[in-house]
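**Student:** Let me give you the structure first, and then I'll get to my questions.
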Amino acid sequence: MPATARQPASHPRPEAIRIEGLRKSFGPLEVLKGVSLRACEGDVVAIIGGSGSGKSTMLRCINFLETPSSGRIVIGGEEIALRADGTPASRKQIEKARQSLGMVFQQFNLWTHKTILENLIEVPVHVLGTPKADAVARARKLLARVGLAEKESAYPAFLSGGQQQRAAIARALAIEPRAMLFDEPTSALDPELVGEVLGVIRDLAAEGRTMILVTHEMKFAREVASHVIYLHNGVVEEEGPPDALFGSPKSDRLKQFLKSVA
Amino acid sequence: MTGALALGSTLDLLAYSPPGWGANLLRGLWNSVLIALGAFGLGLVIGTAGAYGKLYGGPVTRDLLAVYTTVVRAVPELVLILILYFAVTDVVNQLLVAWGQSRIQISGVAAGITVLGVVQGAYATEVLRGAILAVPAGQIEAARAMGMPPFLLARRITLPAMLSFAIPGLANLWLVATKDTALLAVVGFGELTQETRQAAGTTKAFFTFFLAAGVLYLALSLVSGVIFGRIEKWARRGQPNVGGSGR
């Protein structure tokens, strides 16, 4: 099997996502204390860290599911305008940025009152204005790709967790995003279903998709990521190429963390 | 023999064409259904706006809505009908006079729909608020995460998703609406109860007419049950059956 971990290419690629000095507090609790991240097109950035390290919050700040307290966020070269308190200045700009980011959640979050196919065409047809026939054709291709061609008329509740998550990935791909955001995509799955979802994500990485992935699957992160960020208590404790980070961790905290999850 | 006679005269009383009173009763039923439909519809509109206001509105909106739902649900419907019917008519006419227009007679249907709609709206606000809260937050978040604007999100995701949670409560509200139309008899509106009272008072056949009215209300309720059963089945289409629905 060819290694899918890629080194940053020598020629410069356009930047997809950049966050700088991001801070986020929930009340008196500061969960992100000035973190930064940069992903160029084709990069797969894995964010790892213990429970409560702020990794999910960091990911959710990228598409403003959490409102940062301060910091800069640049999506596709366009900086999101923020007010002094960190809230977005323009709802339209946020919506446009979100339409270029395919988010996959831990709990799948498929719309239960819609069939799988309806889930996939909802945003393309009603938000992006894609003609319905085109959206359906594209959705069918995506479903075939994640191995769910037979399930297009099924409702989400009648699918296994692994199938639901693969459908959710297809739904995120259906908006033809610039980058994919994965928030612990396998954490809610039974162990025997994890493999099928990781397989889909691995394929996406191999075809050069830009992805930011919050995960507990260390082996998988090492295999697919081009860059790994280790968060601890809201700060980037260590980052670098996966082989360096997992092979010869520098900080004691990361060594300890890797030992605890091994 | 006398039994057959009594039955014959009862049927004569309920006959559709005069001297039977059947047409009057059916007209009353029609008016009741019309008002109930209007009030229920108005209640849904007020309730949807009220539920969103209570969930996502600012502090002033939330306080005003709390006053509305508290007051309307605390005061007996009969009292509200008397207050709203006479007070609203009075206020409208005073305004008209102040603007140099002539007084108008507010139609019983419009007044009935408005009054009962305001009452229904207060209950519907709470039913819909609860139903919206029952929609898994992740489903709303998924739509936001893909850049869906708020109004579209409500129409395409939240409202359809909450329907299955709201239907049992809304079916109750509809039945309450059909029966609350009877309260409009106090302001002399010709709905089913008022028509029945008139027929019974004129013929002195109280038992016959009120029994007939009861049967009509029951029939309305049974038909409603079937319709709401179908709506609920449709609203729950994506959910596995966990041991039978409400009906």
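**Student:** Each residue of the stretch A:122-135 in order: what ³J(HN,Hα) in whole Hz does its phi give by Karplus 6.51 cos²θ - 1.76 cosθ + 1.60, θ = phi - 60°, with x for Gly and Pro?
**Tutor:** Using θ = phi - 60°, the values come out as 4, 6, x, 6, 8, 10, 8, x, 5, x, 4, 4, 5, 5 Hz.
**Student:** How high is the relative contact order of chain B, in percent, with contacts defined as C-alpha pairs under 8 Å that are six or more residues apart?
**Tutor:** 27
**Student:** Would you compute, from DSSP H runs of 4+ residues alone, the mean residue ellipticity of chain A at 222 nm, taking -39500 (n - 2.57) per run and dividing by the full residue count, rounded to the nearest 500?
**Tutor:** Rounded to the nearest 500, it is -10500 deg cm²/dmol.
**Student:** Still on this structure, I have one more. Got a sec to turn the phi values of the stretch A:182-190 into Karplus ³J(HN,Hα) couplings, 6.51 cos²θ - 1.76 cosθ + 1.60 with θ = phi - 60°, whole Hz, x for Gly and Pro?
**Tutor:** After applying 6.51 cos²θ - 1.76 cosθ + 1.60, I find 10, 9, 6, x, 10, 5, 9, 9, 4 Hz.
**Student:** How long is the protein assembly as shown along each principal axis, judged by its Cα atoms, biggest number first, in Å?
**Tutor:** 104, 58, 43
**Student:** In the stretch B:20-235, with Lys and Arg counted as +1 and Asp and Glu as -1 at Cβ, which of these residues, B:Gly108, B:Pro59, B:Met146, has the Cα nearest the positive end of the dipole, that is, farthest along it?
**Tutor:** B:Met146
**Student:** Continuing with the same structure: Can you pull the one-decimal nm distance between simple spin-label points at B:Thr10 and A:Lys259, each 7 Å off the Cα toward Cβ?
**Tutor:** In this crude label model, B:Thr10 to A:Lys259 measures out at 9.1 nm.
**Student:** To continue, here is another question. Less than 23 Å apart at the alpha-carbon level, and either on another chain or at least 8 residues along: which lysines does that give for A:Lys141?
**Tutor:** A:Lys114, A:Lys132, A:Lys151
**Student:** Based on the alpha-carbon gyration tensor of the stretch A:106-176, what equivalent-ellipsoid semi-axes (square roots of 5 times the eigenvalues) come out, in whole Å, largest first?
**Tutor:** Equivalent ellipsoid semi-axes, largest first: 18, 12, 10 Å.
**Student:** Which distance in nm do the two modelled labels at A:Asp85 and A:Phe26 give, with both placed 7 Å along the Cα-to-Cβ direction?
**Tutor:** 1.9
**Student:** Can you find, among A:Pro88, A:Phe26, A:Ala39, the residue sitting farthest towards the positive end of the charge dipole of chain A, where Lys and Arg contribute +1 and Asp and Glu -1 at Cβ?
**Tutor:** Of the listed residues, the answer is A:Pro88.
**Student:** Can you show me the helix-derived [θ] at 222 nm for chain B, built from DSSP H runs with n ≥ 4 at -39,500 (n - 2.57) apiece and divided by the number of residues, rounded to the nearest 500.
**Tutor:** It lands at -26500 deg cm²/dmol.
**Student:** If you don't mind, there's one more thing I want to ask. Connecting C-alpha atoms closer than 10 Å in a GNM of chain A, tell me which of A:Leu65, A:Leu204, A:Leu173 has the biggest fluctuation.
**Tutor:** A:Leu65
**Student:** How big is the dipole moment of the protein assembly as shown about its Cα centre under a simple scheme where the beta carbon of each Lys and Arg is +1, that of each Asp and Glu is -1, and everything else is neutral? Debye, nearest 20, please.
**Tutor:** So the dipole magnitude of the protein assembly as shown works out to roughly 260 debye.
**Student:** Would you be so kind as to identify all helices of chain B, as entire DSSP H runs, whose Cα atoms reach 27 Å or more along the helix's own axis and whose mean Kyte-Doolittle hydropathy is at least 0.0?
**Tutor:** B:22-56, B:77-98, B:108-134, B:159-180, B:206-235
**Student:** Under 14 Å Cα to Cα from B:Lys54, which aspartates and glutamates show up? Leave out anything in the same chain fewer than 8 places away.
**Tutor:** Here the aspartates and glutamates satisfying the reach criterion relative to B:Lys54 are B:Asp63, B:Glu126.
**Student:** Apply 1/(1 + (r/R0)^6) to the Cβ-Cβ distance of B:Phe206 and B:Leu34, taking R0 = 35 Å, and write down the FRET efficiency to the nearest 0.05.
**Tutor:** Approximately 0.85, to the nearest 0.05.
**Student:** Something else about it: How about the stretch A:164-247: which GluC sites (Glu not before Pro) there are in a DSSP loop, with at most 14 other Cβ atoms within 10 Å of their Cβ?
**Tutor:** Answer by residue number: A:Glu207.
**Student:** Something else about it: Rg and Dmax of chain A, using alpha carbons, in Å: what are they?
**Tutor:** Just the Cα atoms of chain A yield Rg and Dmax of 18.2, 55 Å.
**Student:** In terms of Cα to Cα distance under 18 Å, which aspartates and glutamates are near enough to A:Lys219, apart from those fewer than 8 places away along the same chain?
**Tutor:** Cα-Cα hits under 18 Å: A:Asp43, A:Asp183, A:Glu184, A:Asp190, A:Glu192, A:Glu196, A:Asp203, A:Glu238, A:Glu239, A:Asp243.
**Student:** Sequence gap at least 6, Cα distance under 8 Å: using those rules, report the relative contact order of the stretch A:106-176 to the nearest whole percent.
**Tutor:** Relative CO of the stretch A:106-176 lands at 46 percent.
Just so you know, all these numbers are worked out from the coordinates, no wet-lab data involved. Values in this document were obtained by computation on a predicted structure and should not be read as measured data. Counting neighbours? That spans all protein chains shown, and the Cβs are built from the backbone with ideal geometry, glycine included.
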